[in-house]
Amino acid sequence: MHKRISGRTSSHLFVLLLVALCFSCSQSKKTTHILFVGNSYTYRNNMPKLFEEIARSKGEQLSVSHITRGKYTFYLQSKRKKLYHALHDQEWDVIVLQGSSRDMLRDSARFKKRTYPALDKMLGMIQKNQKDAKVYFYMTWPYRKGDPKTKQFSDPDSMLEAVAAGYSNLRDRYKVPVIPVGKVWRSYHVTYPDANLYLRDNSHPSYEGSYLVACTMYSAIYGKSPEGADQMAILNQNESTRIQRFINKQYRTSEFQFYLKDSI
């Protein structure tokens with residue numbers, strides 16, 4: 001004769017089953033490993049960490065690292081042993097490559113002599129050792145007043161046009177999508193001239209500027225809106241909400257999606 005299972009025992013079994021199911025779901029959700037390679041436009045305000053926390057607050061499971069050094073170009077990055085070891089010894093799901101803004105303003109001869117060989121080397125290592133990784137270029141923004149050292153790009157719009165053209169050229173050459181941070185940044189600054197995206201040097205990002213970059217990265221990489229994400233250390237909640245809403249509209253535009261359409 002079979003014994004009846006008591007209500008208490010039944011409840012305990014249900015709880016144990018629920019716990020096991022939740023554990024199984026958490027274990028099955030893959031951690032996305034993301035690597036940022038760049039200079040101070042990437043590491044200022046620890047933007048990779050901001051990106052990680054924004055993504056976590058939206059329910060993503062990820063691990064973020066960065067290989068950065070001030071004023072570094074693609075050419076200088078291509079010579080770093082630290083990058084070589086990271087690409088050989090670790091597995092990455094996403095790799096974001098950021099070069100110097102001024103590199104995009106150089107004459108074509110210098111670009112062909114230094115930038116192309118550097119990227120040939122870096123992307124070659126990625127294709128060999130990180131075949132499943134999704135690779136992106138990170139388009140930077142113009143200086144607040146343009147580049148004072150180059151008359152041709154002495155205003156922000158002409159500088160952005162040159163930077164965007166440079167990254168578009170790289171996208172076409174290498175079939176690597178571009179995250180158009182510079183386009184989003186300039187559009188936000190024009191739409192909200194009261195926004196404080198720059199530091200006093202008129203070049204590097206303020207905390208709010210890095211937050212805008214991180215939100216743009218989130219939408220580009222995950223294909224989702226950043227609305228509702230943690231506002232982090234932004235004291236003005238209206239500013240963080242405004243940035244999130246703006247990115248939500250921008251990442252859906254045809255221009256944003258156009259830059260993201262190619263990949264290796």
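The values are calculated or read from the model by the stated rules, or taken from the named source; none is laboratory data. A quick note: this is a predicted structure, and the numbers were derived from the prediction, not measured. Methodologically, a virtual Cβ is constructed for each residue, glycine included, from the backbone with ideal geometry; neighbour enumeration extends over all protein chains shown. Areas reflect the complete protein model, heavy atoms only, side chains present, ligands, DNA and RNA absent. Shrake-Rupley method; radii C 1.70, N 1.55, O 1.52, S 1.80 Å.
Structure above, values below:
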item	result
Whichever residue in segment 231-245 is surrounded by fewer than 21 Cβ atoms within 10 Å (Cβ to Cβ) and within 24 Å of Leu260 (Cβ to Cβ) and, among such residues, is nearest to the chain's Cα centre (by Cα)	Arg245
Given (1) in contact (Cβ under 8 Å) with a residue 60 or more places away in the chain; (2) open to solvent by 20 Å² or more (accessible area, probe 1.4 Å); (3) in a loop (DSSP other than H, G, I, E, B), number of the condition Ile221 does not satisfy	(3)
One residue from Tyr167, Tyr143, Tyr136 being under 17 Å from the mean Cα position of the chain (by Cα), crowded, with 20+ Cβ neighbours inside 10 Å and not in a strand (DSSP E or B)	Tyr167
Residue within segment 209-218 that is closer than 21 Å to Glu60 by Cα, surrounded by fewer than 20 Cβ atoms within 10 Å (Cβ to Cβ) and either free of Cβ contacts under 8 Å to residues at least 40 places away in the same chain or not hydrophobic (A, V, I, L, M, F, W, C) (or both) present	no
Test for Glu60: is it at pLDDT 95 or above and in a loop (DSSP other than H, G, I, E, B)	yes
Conditions (1) in contact with a helix residue (DSSP H, G or I) (Cβ under 8 Å, 6 or more places away or on another chain); (2) open to solvent by 30 Å² or more (accessible area, probe 1.4 Å); (3) in a loop (DSSP other than H, G, I, E, B): number failed by His88	(3)
